[in-house]
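Encoded as structure tokens, the structure appears first; notes follow it.
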Amino acid sequence: MIQKNPQVSIILPTYNESKNIIDILKLIDKNIPKGILTETIVIDDNSPDGTGKIVEDYVSSIKKIAENTVDVIHRKAKNGLSSAILNGIQNAKGETIVVMDSDFSHPPQIIPKMIEAFKQYQCDLVVASRYITGGSIRGWTTKRKLMSKIATIIAKKGLGVKTKDPMSGFFAFKKNIIKELNFDALGYKFLLEILVKTKGINIKEIPYTFENRKFGSSKLDTGTVIDYFKSVWKLYINEKIKTTNEKRGSVRFLSKAGRFFSVGASGFLVNYIVTMLLTSGLSELWYLHANIFGILASISTNFILNKVWTFEDRDFSRKKILSQYGKFGLFSSLGALIQLGMVFWLVDSYDIAYPLALISAITSAAFSNFVLNKKLTFKEKLWN
Ligand code: GDD
Ligand code: MN
């Protein structure tokens, strides 16, 4: 039988789930909507109770008859839930990924609703949620409920997460939203990392009832709680660094633009003084010739000041200076043309008062000059 690529990959991490795994695999299979091809990937961490082997045998028993495939990834040792999920995702072929537990806490009956939600709400991430109307938890101790609540509050207040159940282990997403992300995959909180690291994706929460497991025991221990604090801290610091860098980027841009315009103003002065000196007692040149020298002088002082002050360029090799000076001169002439054109156009076709037209024309020319020189003469990123 030629196997078509699955549309949906279901990620199922296991550690000591021998009493649950086969039944959950069967129940998942029963709940897959008609017309949708899935693969289920079990990620087992060498469970001492033989879960890995049990899945292996089950996979060979259904291989020839099943339309939807089941695979198992064997890892050497217990490496944590998030890292198991990440491992599964890296091996997934589906465009849509569903992540769930294998201990019946996450009812497979919700899977069709999740898949439907992508279409219905045009979203990229669906979170099965205990903390919205219609959702609930059954079978947890008060202590465990409290822990979950506290963890949720930390995520919402500390990391600015809006989702009502960011601690959910039951969620589905379009694989392309995590294409460019690097995961720490610490502890249990894979969803939280997605929520913090993706920007501007559409999220839909749908309610479900979390049922505490009947067989086996939870693997959440003190280490998991410590990992939680570590991962929140890491996410918090990373976000801080990112936003301050962005801020610094905009401050740098503005301060360079400011320097560039001050240099421009100083050039105006140089231009004026040189032209006046040359037409007065000193040489008595014809005023237009004198102005050409004035312009050349101001382009030169502008160039030098912008090189060393505005763009802090310390490369003084002759070749570099000549090519930069050439470009700078070219863009200055271009700026002059833009300025002349704009003044003419604003005054002539829009009847805008001459001073106003002049100011807008000078500003536009200066700005386009700044951008061109930043990018092309001094080879900086426009926004860094
Ligand atoms: N491969 C692998 N490696 N699987 C693991 C590991 C591991 O180190 N640790 C846990 N698992 C598997 C379990 O076998 C189970 O299928 C699933 O991950 C969840 O583990 P549980 O130990 O049952 O977690 P829980 O019930 O305490 O917590 C659940 O509810 C939380 C909601 O507050 C999980 O769904 C959490 O992700 C969720 O945040
Ligand atoms: Mn569980």
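The values are calculated or read from the model by the stated rules, or taken from the named source; none is laboratory data. None of the values given here were measured: they were computed from a predicted structure. Every residue, glycine among them, receives a Cβ derived from its backbone with ideal geometry; neighbour counts consider all protein chains shown.
Report, by residue number, each residue of segment 71-119 that is among the polar types (S, T, N, Q) and either in a loop (DSSP other than H, G, I, E, B) or under 27 Å from the mean Cα position of the chain (by Cα) (or both).
Initial filter on segment 71-119 (among the polar types (S, T, N, Q)): 79, 82-83, 87, 90-91, 96, 102, 105, 109.
Hits for segment 71-119 are ASN79, SER82, SER83, ASN87, GLN90, ASN91, THR96, SER102, SER105.
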Determine if segment 48-71 includes at least one residue that is in contact (Cβ under 8 Å) with a residue 12 or more places away in the chain, of a type in the set (S, T, N, Q), more than 16 Å from ligand 2 (Cβ to nearest atom) and out of contact with any helix residue (DSSP H, G or I) (no Cβ under 7 Å at 6 or more places or on another chain).
-> yes
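Tell me whether segment 365-382 contains one or more residues that are in a helix (DSSP H, G or I), among the charged types (D, E, K, R) and farther than 26 Å from MET276 by Cα.
For segment 365-382, residues in a helix (DSSP H, G or I), among the charged types (D, E, K, R) and farther than 26 Å from MET276 by Cα: present.
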Within segment 161-170, can one find any residue that is in contact with a strand residue (DSSP E or B) (Cβ under 6 Å, 6 or more places away or on another chain), surrounded by 16 or more Cβ atoms within 10 Å (Cβ to Cβ) and of a type in the set (Asp, Glu)?
-> yes
Every residue from segment 140-170 that is more than 10 Å from ligand 1 (Cβ to nearest atom) and part of a loop (DSSP other than H, G, I, E, B) | THR141, GLY160, VAL161, LYS162, THR163, LYS164
Out of the residues in segment 191-244 that are among the charged types (D, E, K, R) and away from ligand 1 (no atom under 16 Å from the Cβ), state the one that is nearest to LEU86 (Cα to Cα).
-> LYS197
How many residues of segment 199-247 are surrounded by fewer than 17 Cβ atoms within 10 Å (Cβ to Cβ), under 21 Å from the mean Cα position of the chain (by Cα) and not in a helix (DSSP H, G or I)? The answer is 4
Could you please find all residues in segment 171-188 being touching a Leu at 6+ places or on another chain (Cβ under 9 Å) and within 13 Å of ligand 1 (Cβ to nearest atom)?
-> PHE171, ALA185, GLY187, TYR188
Give just the number: which of (1) at pLDDT 90 or above; (2) at positive phi does GLU312 not satisfy?
-> (1)
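Can you give me the number of residues within segment 172-198 that are touching a Ser or Thr at 6+ places or on another chain (Cβ under 9 Å) and not in a loop (DSSP other than H, G, I, E, B)?
Of the residues in that region, 11 qualify.
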Going through segment 335-359 one residue at a time, which ones are under 22 Å from ALA265 (Cα atoms) and buried (at least 18 other Cβ atoms within 10 Å of the Cβ)?
-> GLY335, ILE338, GLN339, MET342, VAL343, ALA357
More than 22 Å from LYS174 (Cα to Cα), touching an Asp or Glu at 6+ places or on another chain (Cβ under 8 Å) and either modelled with pLDDT of 95 or more or among the aromatic types (Phe, Trp, Tyr) (or both), is that true of THR40?
-> no
Of all residues in segment 120-134 being under 21 Å from the mean Cα position of the chain (by Cα) and within 16 Å of ligand 1 (Cβ to nearest atom), the one that is surrounded by the most Cβ atoms within 10 Å (Cβ to Cβ) = VAL127
Does LEU195 satisfy the condition of being among the aliphatic types (A, V, I, L, M) and away from ligand 2 (no atom under 16 Å from the Cβ)?
-> yes
When (1) in contact with a Phe, Trp or Tyr (Cβ under 9 Å, 6 or more places away or on another chain); (2) outside any helix (DSSP H, G or I); (3) modelled with pLDDT under 90 are applied to THR275, the one that fails is (2)
When every residue in segment 3-20 that is aliphatic (A, V, I, L, M) and either surrounded by fewer than 20 Cβ atoms within 10 Å (Cβ to Cβ) or more than 13 Å from ligand 2 (Cβ to nearest atom) (or both) is compared, the one nearest to ILE73 (Cα to Cα) is ILE11
Search result, residues across segment 28-55 that are surrounded by 15 or more Cβ atoms within 10 Å (Cβ to Cβ), in a helix (DSSP H, G or I) and more than 35 Å from the chain's Cα centre (by Cα) = THR51, GLY52, ILE54, VAL55
Matching residues, segment 1-27, being assigned to a loop (DSSP other than H, G, I, E, B) and either in contact (Cβ under 8 Å) with a residue 60 or more places away in the chain or not charged (D, E, K, R) (or both) = MET1, ILE2, GLN3, ASN5, PRO6, GLN7, TYR15, ASN16, GLU17, SER18, LYS19, ASN20
